[in-house]
Each structure stands twice: as structure tokens, then as C-alpha cells.
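Okay, so here's the structure we're looking at.
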Amino acid sequence: MDISHIYTRIEEKKRMRMSTLAFAGVMAIFLVSLIASTGSSFGGQVTRDIAMGPQNHRANRFSTKYSMPRTGQFSRTAARVAETSGEPWQRIADKLIDIDATNEERIAAVRNLLERRADVQKDLTDAAQAIVRDRNVESAKDILYPTGTEARKQIDGFEVVLRQLQEDIVPELNKYTRSQGDATLASLRSTISNPRELAKSLQTSPNQVNATELVNELRAEFAELQRHPEEIQKRLMSYVEESKNVFRRTPVGLEMPRYKVASKAREYEVREYEPYSIITTPTRKQAVSPEDPAVTTTANAKAFNTLASYLFGKNEDSKVMAMTAPVEMIADEQGSKSMAFILPTEASESTPSPSKGDDISIQRLPAQTVAVLEFPGFATEKEIRVQKEKLLASLQMEGKFTPVADTDSFRVLQWNPPYTLPWLRRNEICIKVKEVESEVIAAPDAVE
């Protein structure tokens, strides 16, 4: 079998990567020059402006009542600069990409980086040499983005998403498209060739969308908001806060189960959860094949809508409850899967019954100890299998904890709303564990 074309493609990819590395090296050198030039007029002006804080040359145009005293807000900034002076500059730079950082914290971070520009310049030079001279992008990444920094987590997450797209998502979609393409094309041809069927497929039931009713509801809600301007402000602030979840690894404003971290290993952590309640609905029975992405996606969407409707008032008491996090995907030893929402604490004592016809069950989970491994990107079937095996291997290697049940039983926690950037998504795979009891070997009796 002739495989020369495979090697040709590999070499082409290598050349493309080398070009990319060379470009990155040039950009790194440019950044080195920029940092080194902070003593020039431009850099000096930036340093002076930041050091002066709000009382810069532009602020002096205004009266003193609009100026902020340096002994107030920015005295705290100076203290924070002193506190972070011993940290690596990369951890300080993380504040610049933290969506929840205040302007004061960002100014403190920039000031600290300027004060430590010699360290920044050295690391940028070393990284540029690693890329251009040694062709070692991993070494450059370790220099500029050490493990544990937020920037490193985002870069690693981006690489995971690219791998998932190339090795998992796109191939699965291609496979599904090929298997379904002929049937879809035949159905489309049949519909087009039959005018009655085509007209029927284009008709929209008047009960599906009632534009007049929708407009009237919007007008009534807007009129109500006009009578309560404080409610408008409250909603706007909540929308702004919620929009930040696009860039958050863990969303805010949602109730979550309480736990404490009992132990940490390199690849995972062990948590001790307090009891909490969940509502569940099945997503896949044992007989359903997990290989069909369309079936899996449709089943998950249906389960999510069922559980969300319950929280939003579709229950026997018409009780509206707050959304919670994370969403749990539960697999048992028989291969069946279900989706679960966390019940708010206020609803745990008097939980309303599900509406008739809804396949929802309510469970109270006891306190439990679980090993948790976090991974970014998409929680596809293939990725879940990979991460599960990784967690089991890590548990076996560490030897401190062991699974308490069949290893086919596990949970996947998905913390983020759908609009969170994929490489920032927080997914976790959990397995119940117990601590391994150390064997005590009795010492032999002393020989007299």
C-alpha cells in the first residue's frame, strides 16, 4: 500500500507549523522591544499616568470635587501592588483577563508589570529564543504561561477544543451525514415531486405562533416596567451580570451544592458533598445506541427542557423556582443515562410534584465523597470516556482513594450556560470513592 501521500501531508503540516512559530517568534521579539522601550517618552508617559492614577494631567482640568484623593481608593491599590510583588508576573497578568476584576485591580496589575518589566523582558526573550532557535513551542508556553495560571488554562482549553473538533465532533458529523444523506435526499425528492405534500409541509399551524398575543404580552410587560423604573435598572444589571458568564469558568448567581475539598492530587480532587436534592429525567435507555449524535443531542435537549419547565412552574403547585448549577448527567451500571437538575434549598423541604405525564423523579442524595476531574471543551461521548479512564488511572496510580461502586456508574457535571466560550467551559467527571485503608502489619515478636 502506497502511503507516501500521508508523509507528504505530514511534512506540509510541519512546514505550516514552523511558519506559524516563526511569526510568533517575531511577535515575541516585538513585544520585548515594546517592553524595553518603557523608558522612552511613550513608556515614561504611560508610567507617569498610571502612577498618578485618576489625578493625571487630564483630570486636573476639572475641579477638585471630581478628583479622587490618592489617600483613598488608590492607597488600597498600592497595598495590593506590595502584596503581589512576590508573585510571578504571569499570575499578576491574569488580572487583565479576569472578567470580574475591578478597574482598580487592573491598574494595580499594569503598574506592577511595569515595575517588573525586567522580569517580563527576560521571559519574553527566552520564549522567543525557544520558538525561533529551538522550534520548541511547548517550552515557550511553559515560560510565558506556567501551569496553574488562568492564561495557561485558557490556552490548554483552546487546544482541547481544537482536538475535539478534529478527532471527535467533525468525524462524527461526517459519519452521521453520510449515513443519513441518502434517506434525507430521497425524502426531499418525494416531497418536492408531490405538490400537496410540499404545501402541507410549508403550512404553519396558527396555534404554534400567535403574533398578536405575543405583541400584547410584550406591551403589557413594558407598560408595567414603565411604572417601576427601579425594576428596569434591576433587570438591566442582572442581564449585564449574566452576560459576563460568557467569559466565566464558573457562573455566578446560581445556587450550587455545598462541598469541601478533602484532598487534591495532580489530576483530580476529592470532594465531600453535603446532602442535596435533585430532579431527574431519563435521556437514554440501555437499548438506545449512543453512537448516533443526533439521537443523543435530541434526547439531551428534550430532557433539559423537561427539567427546566418543572423549575419554571410546570409542576402540580405551579411553583416557580430559581435555576441552579451544575447540570448533572448520570450513568448507571446498566448503561442507562439520565439528566438531573439541583433543586434549590428552599424547595427541598416541600418539593412540588411533577405534572402528570412528565417523566420526572425527585431524589434526595446523601452525603458522599467523590473524586472529580475537570476538563474543558465539549462533553461528548468520546471525551467523557477518555476523561473517565484518565480519572480511574489517576486514582489507581495515587493509591489513596478507590471507587466504591461499579466503575460504569459515574456523573458528568456541566457548569456553564450554552453561550460560554467552549475553551472556558467547566466540565467535571465524578466517581464515588472511599479512602484506602492502610494495612497495618504486626511486628514479629522479638527473639530472646
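The values are calculated or read from the model by the stated rules, or taken from the named source; none is laboratory data. For clarity, every value in this text was computed on a predicted model and none was experimentally measured. Cβ coordinates were reconstructed from backbone atoms using ideal geometry, including for glycine residues, and neighbour counts include every protein chain displayed. Calculation scope for accessible area: heavy atoms of the full protein, side chains included, ligands and nucleic acids excluded. Shrake-Rupley method; radii C 1.70, N 1.55, O 1.52, S 1.80 Å.
So who's got an amide H within less than 5 Å of the one on F401, skipping anything under 5 residues away but keeping other chains? H placed 1.01 Å off N, in plane.
Under 5 Å from the amide H of F401 lie the amide H atoms of V436, each far enough along the sequence or on another chain.
Would you pull out the residues with amide H under 5 Å of L365's amide H, same chain only if 5 or more places away, H placed 1.01 Å from N?
Y276, S277, I278
Please list F312, F375 from largest to smallest accessible area, probe radius 1.4 Å, with all protein chains kept in place.
Numbers: F312 120, F375 5 Å².
Correct descending sequence by accessible area is F312, F375.
Can you tell me how much longer the chain between V386 and S336 gets when fully stretched, taken as 0.36 nm per residue apart minus their C-alpha distance, in nm with one decimal? It would help to have the intermediate numbers written out before the result.
Numbers: separation 50, 0.36 × 50 = 18.00 nm, distance 1.87 nm.
Contour length minus the Cα-Cα distance gives 16.1 nm.
Given a 1.4 angstrom probe, I'd like the percentage of the accessible area of segment 346-386 that is carbon and sulfur, rounded to a whole number. Each step should come with its number before you reach the end.
Numbers: 1080 of 2180 Å².
Roughly 50 percent, rounded to a whole number.
Which order do you get for F378, F410, F158 if you rank them by accessible area with a 1.4 Å probe, largest at the top? Walk me through the numbers on the way to the answer.
Details: F378 70, F410 25, F158 90 Å².
Accessible-area ranking of F378, F410, F158, largest first: F158, F378, F410.
At what distance in nm do the modelled label points of T177 and V436 sit from each other, each positioned 7 Å from its Cα along Cα→Cβ?
Those two pseudo-labels are separated by 4.7 nm.
Could you run the Karplus curve 6.51 cos²θ - 1.76 cosθ + 1.60 with θ = phi - 60° over segment 129-140 and give me ³J(HN,Hα) per residue in whole Hz, x for Gly and Pro?
Listing the rounded values in order: 5, 5, 6, 7, 8, 9, 6, 10, 6, 5, 5, 5 Hz.
Return the carbon/sulfur percentage of the accessible area of segment 95-180, one whole number, probe 1.4 Å, all protein chains in place.
Numbers: 2670 of 4940 Å².
On segment 95-180, the fraction of accessible area on carbon and sulfur atoms equals 54 percent.
Taking amide H positions as placed 1.01 Å from N in the peptide plane, with prolines and chain starts having none, which residues 5 or more places from E255, or on another chain, fall under 5 Å of its amide H?
When sequence neighbours closer than 5 places are left aside, the close amide H contacts are A325.
How many Å² of accessible area per residue for segment 306-443, probe 1.4 Å? Don't jump to the answer; show the numbers that get you there.
Values: 6960 Å² over 138 residues.
Here the per-residue accessible area is 50 Å².
Express the carbon and sulfur contribution to the solvent-accessible surface of segment 211-334 as a percent, rounded to the nearest whole number, probe 1.4 angstrom.
Details: 4360 of 7800 Å².
Exposed carbon and sulfur together represent 56 percent of the surface.
For F158 and E346, calculate 0.36 nm times their separation in residues minus their Cα-Cα distance, and state this gained length in nm to one decimal. All intermediate terms of the calculation are to be shown ahead of the outcome.
Numbers: separation 188, 0.36 × 188 = 67.68 nm, distance 3.81 nm.
Computed gain between F158 and E346 is 63.9 nm.
What FRET efficiency would be calculated for the residue pair Q363, V137, taking the C-beta separation as r and a Förster radius of 51 Å, to the nearest 0.05?
Numbers: r = 48 Å, r/R0 = 0.93.
In this case the efficiency is close to 0.60.
Provide T280, T177, T147, T369 ordered by accessible surface of protein heavy atoms (probe 1.4 Å), highest first. Intermediate results must be reported in sequence, preceding the final value.
Values: T280 10, T177 85, T147 115, T369 45 Å².
Accessible-area ranking of T280, T177, T147, T369, largest first: T147, T177, T369, T280.
Please work out how much accessible surface Y268 shows to a 1.4 Å probe, ignoring ligands, DNA and RNA, in Å² rounded to 10.
The value for Y268 is about 10 Å².
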